[in-house]
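Colleague: Questions regarding the structure given below will be posed in turn.
Values in this text are rule-based calculations from the coordinates and carry no lab data. Keep in mind the model is a prediction, meaning the values are calculated, not measured. All Cβ positions, glycine included, derive from the backbone under ideal geometry; neighbour counts span all protein chains shown.
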């Protein structure tokens with residue numbers, strides 16, 4: 001099994017990186033590379049800034065992946081996601097960019113990200129991206145985020 005360097009942040013006080021470009025995603029060896037399973041990360045309080053107005057935008061992110069050789073180290077993922085708090089980008093750029101960065105770092109068998117953005121200006125924008133091929137027979141639960149209904 002391939003070995004990765006020791007995680008940089010685990011067990012240490014660590015400030016959030018100033019930007020997504022400065023953030024480092026650590027990966028650790030998958031203890032079950034011969035088994036197809038889904039790992040899920042949910043970030044219900046993801047925050048970024050509108051690149052035009054500077055106003056805050058909020059999303060509920062759900063990241064599912066079928067690991068190959070690597071797992072993402074969760075503290076580094078939390079810090080990476082926190083680095084968007086002062087970063088200006090559109091919903092599509094944030095969601096797809098996070099998915100691509102994870103896919104490039106981990107090289108999983110399959111990865112998907114759902115970005116469920118809260119409305120601003122009267123309209124929610126949900127963004128979905130996936131890469132790789134879901135292995136046959138893998139159970140992938142629904143992401144569990146209800147579509148926006150307003151006051152309905």
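Colleague: Restricting the search to segment 113-126, which residues are surrounded by 20 or more Cβ atoms within 10 Å (Cβ to Cβ) and either touching a helix residue (DSSP H, G or I) at 6+ places or on another chain (Cβ under 6 Å) or within 11 Å of residue 96 (Cα to Cα) (or both)?
Modeller: So the first thing to find is which residues in segment 113-126 are surrounded by 20 or more Cβ atoms within 10 Å (Cβ to Cβ), and the list is 113-117.
Answer for segment 113-126, where residues must be surrounded by 20 or more Cβ atoms within 10 Å (Cβ to Cβ) and either touching a helix residue (DSSP H, G or I) at 6+ places or on another chain (Cβ under 6 Å) or within 11 Å of residue 96 (Cα to Cα) (or both): 113, 114, 115, 117.
Colleague: Turning to a different aspect of this structure: Evaluate segment 131-150: report whether one residue or more is in contact (Cβ under 8 Å) with a residue 12 or more places away in the chain, part of a strand (DSSP E or B) and either closer than 24 Å to residue 15 by Cα or more than 14 Å from the chain's Cα centre (by Cα) (or both).
Modeller: For segment 131-150, residues in contact (Cβ under 8 Å) with a residue 12 or more places away in the chain, part of a strand (DSSP E or B) and either closer than 24 Å to residue 15 by Cα or more than 14 Å from the chain's Cα centre (by Cα) (or both): present.
Colleague: Any residue in segment 69-86 that's touching a residue at least 40 places away in the same chain (Cβ under 8 Å) and at negative phi: show its pairings with residues that are surrounded by 18 or more Cβ atoms within 10 Å (Cβ to Cβ) and part of a helix (DSSP H, G or I) at Cβ separation under 7 Å, as long as the two are six or more apart or on different chains.
Modeller: 70/106; 72/102; 72/106; 84/94
Colleague: Related question: What are the residues in segment 53-68 that are touching a strand residue (DSSP E or B) at 6+ places or on another chain (Cβ under 8 Å) and either farther than 30 Å from residue 33 by Cα or exposed (fewer than 15 other Cβ atoms within 10 Å of the Cβ) (or both), if any?
Modeller: 54, 55, 56, 57, 58, 59
Colleague: Given the conditions (1) in contact (Cβ under 8 Å) with a residue 40 or more places away in the chain; (2) within 13 Å of the chain's Cα centre (by Cα); (3) not in a strand (DSSP E or B), and given that residue 18 satisfies all but one, which numbered condition is not satisfied?
Modeller: So residue 18 meets the others, but not (2).
Colleague: Let me ask something else about it. Collect the residues in segment 78-102 that are under 10 Å from the mean Cα position of the chain (by Cα) and either part of a loop (DSSP other than H, G, I, E, B) or surrounded by fewer than 22 Cβ atoms within 10 Å (Cβ to Cβ) (or both), keeping them in residue-number order.
Modeller: The answer is 78, 96, 97, 100, 101.
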